[in-house]
Amino acid sequence: MVITFLSDFGLQDDFVGTCHGVIKRIAPEAEIIDITHGIPPQHVLQGALVLCNTLPYMPEGVHLAVVDPGVGGQRRPLALRTGEGRLLVGPDNGLLVPAAEKNGGIEAAHELANPEYALDTVSRTFHGRDLFSPAAAHLARGVALEELGPPVDPQALVRVDVPKAEVGQNRIRATVLYVDRFGNTQLNLTRADLDQAQVLPGVRVELELALERYYAVAARTFADARPGEVILYEDAYRNISIAINGGSAAELFGVAPGQEVRIHLRTP
Amino acid sequence: MVITFLSDFGLQDDFVGTCHGVIKRIAPEAEIIDITHGIPPQHVLQGALVLCNTLPYMPEGVHLAVVDPGVGGQRRPLALRTGEGRLLVGPDNGLLVPAAEKNGGIEAAHELANPEYALDTVSRTFHGRDLFSPAAAHLARGVALEELGPPVDPQALVRVDVPKAEVGQNRIRATVLYVDRFGNTQLNLTRADLDQAQVLPGVRVELELALERYYAVAARTFADARPGEVILYEDAYRNISIAINGGSAAELFGVAPGQEVRIHLRTP
Amino acid sequence: MVITFLSDFGLQDDFVGTCHGVIKRIAPEAEIIDITHGIPPQHVLQGALVLCNTLPYMPEGVHLAVVDPGVGGQRRPLALRTGEGRLLVGPDNGLLVPAAEKNGGIEAAHELANPEYALDTVSRTFHGRDLFSPAAAHLARGVALEELGPPVDPQALVRVDVPKAEVGQNRIRATVLYVDRFGNTQLNLTRADLDQAQVLPGVRVELELALERYYAVAARTFADARPGEVILYEDAYRNISIAINGGSAAELFGVAPGQEVRIHLRTP
């Protein structure tokens with residue numbers, strides 16, 4: 001059985017390795033795929049988006065996700081089953097919901113309340129190790145979701161608020177969702193939004209970020225643009241992103257997730 | 001058989017991947033758990049503390065650790081067996097000793113001297129690849145510890161010096177042991193030390209770091225404090241740590257491992 | 001079957017984890033060894049050198065490598081077989097060639113053109129996920145190289161240009177190839193070059209970098225030098241490197257890959 005694992009733990013400390021150890025002590029046969037541990041610390045929305053984007057590429061199994069600023073407080077620890085039969089484990093802070101809803105919907109949700117499926121001592125600050133990893137490992141061994149604790153109404157789960165873009169006649173107001181290692185800057189837009197605004201490949205627009213304006217061209221891929229040209233393209237997860245052919249858009253623009261980007265249309 | 005692996009190699013270069021390759025060529029069945037490779041370069045004490053904290057969460061097996069500023073010099077390469085039957089492999093510079101002593105004590109130690117269990121060519125600068133990984137892999141395949149080389153008196157092993165706190169009537173003098181990704185700042189204090197000083201949850205103290213003073217409150221977890229409040233809490237490895245609810249204590253204070261922290265008690 | 005994986009994807013994003021997921025969906029039995037994902041973004045030469053250095057330490061299997069600035073453009077996606085029977089998968093931009101030539105030569109090369117061995121939808125910007133990982137996974141399951149697409153003449157493959165050093169009577173002109181986490185600075189020189197210039201262990205030289213000059217001594221290992229002394233030594237991959245005993249040469253000199261280093265001989 002595969003357990004995928006996504007978190008904001010980073011790889012500098014032992015957090016990820018310790019969770020691997022805990023899982024392997026309980027479920028020696030389980031195989032762990034680390035989706036990423038580079039979610040910015042405590043950014044639940046980014047964790048939720050990355051989990052949602054990547055889940056379809058993962059083998060079906062148990063999907064552990066921990067971005068948990070509310071650890072030790074009132075937020076519920078959860079496990080849920082999607083319509084596709086995937087099992088997701090993590091905090092009830094919205095992290096799991098977009099991925100579950102995109103992959104068959106939430107069929108059942110249970111609170112992690114049964115101490116049999118946690119470590120003997122549960123710390124107040126590292127539920128990834130003491131609660132979530134053991135639950136994931138026990139699920140991977142075949143323990144039924146229902147054994148982990150009482151059911152929770154899927155409607156009652158905490159949701160994250162994904163910012164919505166405004167697509168107007170002359171202007172699109174979008175928000176930066178994510179910036180990757182290459183500086184590619186993902187917006188909360190899809191190709192349908194650009195199609196609606198008639199921004200087809202080859203069309204030029206103006207980007208406005210932090211009071212600065214830049215020309216950009218809609219393109220299918222980096223190779224369609226000249227070196228140094230700013231492009232708008234549909235990225236590999238089907239979001240519209242901003243890139244610079246051969247450079248880092250994020251560095252040029254100094255953007256960060258959450259920032260507004262205006263796209264001015266009908267540029268002469 | 002599980003081999004755990006901790007080092008200061010980082011993940012930017014190929015050092016960790018190359019050691020994995022070497023292990024898998026010798027012991028294809030071995031499973032490797034990377035505890036962390038983010039120990040600051042050549043910081044033996046930090047490596048020793050992290051290994052000691054995490055070993056109880058790891059499956060029993062072979063535990064490879066390489067933080068090795070003395071590579072190529074006089075320091076001995078070692079393998080040892082703990083009272084619990086764990087096998088530890090690494091340099092004789094103190095890295096392995098705290099973990100071994102906390103997990104059953106050192107039952108036997110052997111110098112890695114048998115060239116049959118090293119690569120054919122041993123470089124002078126990468127014993128992780130040429131000496132320690134092969135030894136760990138051969139142990140995982142069932143080679144006896146005694147085969148690796150002559151015994152070493154456990155009393156003769158190099159020890160690291162873990163700084164000790166001073167707990168006084170009005171003041172505690174502690175040292176920062178570790179700073180994690182979230183900025184949580186671990187001290188060389190345990191709850192017993194705070195109990196002795198009557199710093200129970202809810203009690204306020206003053207922290208003095210680098211000539212600055214800050215109020216802090218003893219708390220059970222982040223969620224017990226108001227946002228932005230500085231807390232003293234028992235962390236997941238049972239050390240007392242400093243944190244800021246919703247922020248980075250390390251960033252606010254500008255602290256680094258080795259720095260002194262004074263805790264002034266009986267704050268009105 | 002082992003699949004090794006090298007890229008410039010970094011570990012902050014999900015790129016590596018997503019490729020692991022894709023591989024495991026196709027070839028659940030395959031075991032993945034991550035050589036490194038820390039190649040600087042789009043630096044094909046550095047990727048090629050690291051793959052070439054590390055391949056001999058890897059179990060024989062499928063060797064996936066992705067540093068791919070030309071993704072989505074005209075560059076061919078490739079798989080090739082070496083004289084040793086290793087299978088290499090990656091873009092035709094020179095990344096695979098030095099490793100293949102050093103490990104038995106290129107016996108056969110095929111373009112990845114058969115859509116049966118790619119994902120159903122191939123994006124224009126993430127061939128690592130959609131094209132290269134599936135091809136590697138199918139090869140690991142036993143699909144014949146010839147099935148992946150039409151043969152390509154090995155002579156027609158793109159080559160990378162590895163800079164050559166000039167070894168003169170009084171001076172060596174070398175280039176920095178690589179800088180590692182410890183600040184050790186690898187040059188395009190071998191011990192044979194130093195031998196030819198009579199720079200044997202113990203001999204002193206002057207290094208000239210970016211208009212500054214520094215004394216250095218040829219040494220066998222860090223431990224042969226005094227703390228703080230700059231040394232020239234044969235590193236673990238048999239390149240000549242510059243290091244500082246107990247410090248970071250790269251930090252002191254401010255060097256980066258591609259920079260010229262002059263070594264002045266016959267220093268009095």
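The values are calculated or read from the model by the stated rules, or taken from the named source; none is laboratory data. Not measured: the values here are computed from a predicted model. Counting neighbours? That spans all protein chains shown, and the Cβs are built from the backbone with ideal geometry, glycine included. Heads up: the accessible areas ignore ligands, DNA and RNA and are worked out on the full protein's heavy atoms, side chains in. Shrake-Rupley method; radii C 1.70, N 1.55, O 1.52, S 1.80 Å.
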* Structure fact -> Expected integer from the mean partner chain Cβ neighbour count at 10 Å over C:15-27 is 6
* Asked: How long, wide and thick is the protein assembly as shown, going by the Cα atoms along their three principal axes, in whole angstroms, largest first?
  -> 75, 75, 51
* For the range A:211-227, Karplus couplings with θ = phi - 60° (6.51, -1.76, 1.60), whole Hz, Gly/Pro x -> 6, 9, 10, 9, 6, 8, 10, 6, 8, 7, 7, 3, 5, 7, 10, 6, x
* **Label-point separation in nm, A:Val160 to C:Arg191, each point 7 Å along Cα→Cβ** => 5.3
* Over the range A:183-230, relative contact order from alpha-carbon pairs under 8 Å, at least 6 apart, % -> 26
* Asked: So which of A:Lys102/B:Lys24; C:Lys24/C:Lys102; A:Lys102/C:Lys24 end up more than 31 Å apart, counting from Cα to Cα?
  -> A:Lys102/B:Lys24
* Asked: For the range C:1-56 and the range B:21-100, what is the separation of their Cα centres, given in Å?
  -> 25
* Asked: Can you give the accessible area of C:Ile39 in Å² (nearest 10), computed on protein heavy atoms with a 1.4 Å probe?
  -> 0
* Ranked by how many other beta carbons lie within 10 Å on average, peptides B:134-144, B:149-159 from highest -> B:134-144, B:149-159
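First compute the accessible area of the range B:166-233 with a 1.4 Å probe, then give the percent of it belonging to carbon and sulfur atoms.
The computed percentage sits at 44.
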* Structure fact -> Among A:Ala109, A:Ala99, A:Ala192, the residue with the largest mean-square fluctuation in a Gaussian network model of chain A built from Cα contacts under 10 Å is A:Ala192
* To do: Considering Cα pairs under 8 angstrom that are at least six residues apart, work out the relative contact order of chain B and quote it in whole percent.
  => 16
* Asked: Which whole-Hz couplings ³J(HN,Hα) result when phi for each residue of the range C:62-71 is put into the Karplus expression 6.51 cos²θ - 1.76 cosθ + 1.60, θ = phi - 60°, listed in order with x for Gly and Pro?
  -> 9, 10, 8, 9, 9, 9, 9, x, x, 3
* For every other residue with a beta carbon closer than 9 angstrom to the beta carbon of A:Gly61, add +1 if it is Lys or Arg and -1 if Asp or Glu, then tell me the sum. => -1
* To do: Evaluate the distance, in nm, between pseudo-label points positioned 7 Å from the Cα of B:Glu107 and of B:Leu211 along their respective Cα→Cβ axes.
  => 5.4
* Structure fact -> Taking the label point 7 Å from Cα along the Cα-Cβ vector, the copy-to-copy distances for C:Glu251, listed from shortest in nm with one decimal, are 2.2, 2.2
* Asked: Between B:Leu64 and residues 5 or more places away or on another chain, which pairs have amide H atoms under 5 Å apart, with H built 1.01 Å from N, and which residues are they?
  -> B:Thr4, B:Phe5, B:Leu6, B:Val89
* Structure fact -> Taking only protein heavy atoms and a 1.4 Å probe, the highest-to-lowest accessible-area order of C:Ser248, B:Ser7 is C:Ser248, B:Ser7
* Asked: Largest first, how would A:Tyr237, C:Tyr233 line up by accessible area (1.4 Å probe)?
  -> A:Tyr237, C:Tyr233
* Asked: So how exposed is A:Thr175, as accessible area in Å² (1.4 Å probe, rounded to 10)?
  -> 30
* Hey, got the average number of other protein chain Cβ atoms within 10 angstrom for residues in A:174-185? -> 3
* Per-residue mean of C-beta atoms belonging to partner chains within 10 Å, peptide A:28-39 -> 5
* Please list the non-local residues whose amide H lies under 5 Å from the amide H of A:Glu107, H modeled 1.01 Å from N, same-chain partners needing a gap of 5 or more. => A:Arg81, A:Thr82, A:Gly83
* Return the long-range amide H neighbours of C:Gln259 (sequence gap of 5 or more, or a different chain), with a cut-off of under 5 Å between placed amide H atoms. => C:Val176
* Asked: Taking the Cα centre of the range C:172-255 as origin and charging only Cβ (+1 Lys, Arg; -1 Asp, Glu), how large is the dipole, in debye to the nearest 20?
  -> 80
* To do: Filter the trypsin sites (Lys or Arg not before Pro) in the range C:187-243 to those in DSSP coil with at most 16 other Cβ atoms within 10 Å of their Cβ, and list the result.
  => C:Arg220, C:Arg238
* Asked: Looking only at B:Asp13, B:Asp68, B:Asp130, which one moves most when chain B is put into a Gaussian network model with springs between Cα atoms under 10 Å?
  -> B:Asp13
* What are the aspartates and glutamates whose alpha-carbon lies under 12 Å from the alpha-carbon of B:Lys164, with same-chain residues fewer than 8 places away excluded? -> B:Asp193, B:Glu260
* Choice from A:Val217, A:Val89, A:Val50 with maximal GNM fluctuation in chain A (Cα, 10 Å cutoff) -> A:Val217
* Asked: A:Met58 accessible area, nearest 10 Å², 1.4 Å probe?
  -> 0
* Any chance you could check the Cα centroid distance between the range A:178-219 and the range A:138-177 for me, in angstrom? => 25
* In nm, to one decimal, how far is the modelled label at C:Gln259 from the one at A:Glu260, with both set 7 Å along Cα→Cβ? -> 4.3
